[in-house]
Amino acid sequence: VQLQASGGGLVQPGGSLRLSCAASGRTFSSGGMGWFRQAPGKEREFVAAFRWPTRATYYADSVKGRFTISRDSAENTVYLQMHRLKPEDTAVYYCVGRSVWNVQYYSPAVYSNWGQGTQVTVSS
């Protein structure tokens, strides 16, 4: 399985970005995909997840109301639309996937499929 993330960049505070993650080699039809992020000197943290069969979405409290995760099942792709970005959102964003859903979707330990990461920098 390969996960290819894209869409990162430099944006001013209050701006928007959309990240994409395309999966190839496997579908996650019984599991889900999501996003984690890691800022310099900090641990990797959960951002959002999409549960494929039920289309349920899950978010970290820090991004609720600002970020939206969605999917394109035909393209086996998940998106992260980010609005009202803050400097504290600056991090490398990683997409993840699991073939079978795990209730600990917020833990990086349950994911064995990781994308290469894309840098998001929020700065004026």
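The values are calculated or read from the model by the stated rules, or taken from the named source; none is laboratory data. Everything numeric in this text was worked out from a predicted model, so none of it was measured. Quick reminder, even Gly has a Cβ in these numbers, built from the backbone with ideal geometry, and neighbours come from all protein chains shown. These area figures cover heavy atoms from the full protein model, side chains too; ligands, DNA and RNA do not enter into them. Shrake-Rupley method; radii C 1.70, N 1.55, O 1.52, S 1.80 Å.
For the reader, a short list of remarks on this structure follows.
- When Glu75, Glu45 are compared by accessible surface with a 1.4 Å probe, the order from highest to lowest is Glu75, Glu45.
- Note on Asp72 and Arg18: the model spin-label points, each 7 Å out from Cα along the C-beta direction, lie 0.8 nm apart.
- Here the Gaussian network model covers the chain, with springs between Cα atoms less than 10 Å apart; of Gly65, Gly25, Gly34, Gly25 fluctuates the most.
- Take every pair of alpha-carbon atoms less than 8 Å apart whose residues are at least six positions apart; their mean separation over the length of the chain yields a relative contact order of 37 percent.
- Surface share of carbon and sulfur [accessible, 1.4 angstrom probe, percent] for the chain: 44
- Solvent-accessible surface ranking, highest first, for Asp72, Asp61 at 1.4 angstrom: Asp61, Asp72
- Result for the chain in a Gaussian network model with C-alpha springs under 10 Å: among Ser70, Ser30, Ser20, the largest mean-square fluctuation is at Ser30.
- Solvent-accessible surface of the chain, taken per residue with a 1.4 Å probe and all protein chains present: 51 Å².
- With a 1.4 Å probe rolled over the protein heavy atoms of all chains, the accessible area of Tyr93, Tyr105 falls in the order Tyr105, Tyr93, largest first.
- Cleavage-rule hits (trypsin sites (Lys or Arg not before Pro)) in region 49-124: DSSP loop, at most 11 neighbouring Cβ within 10 angstrom: Arg55, Lys64
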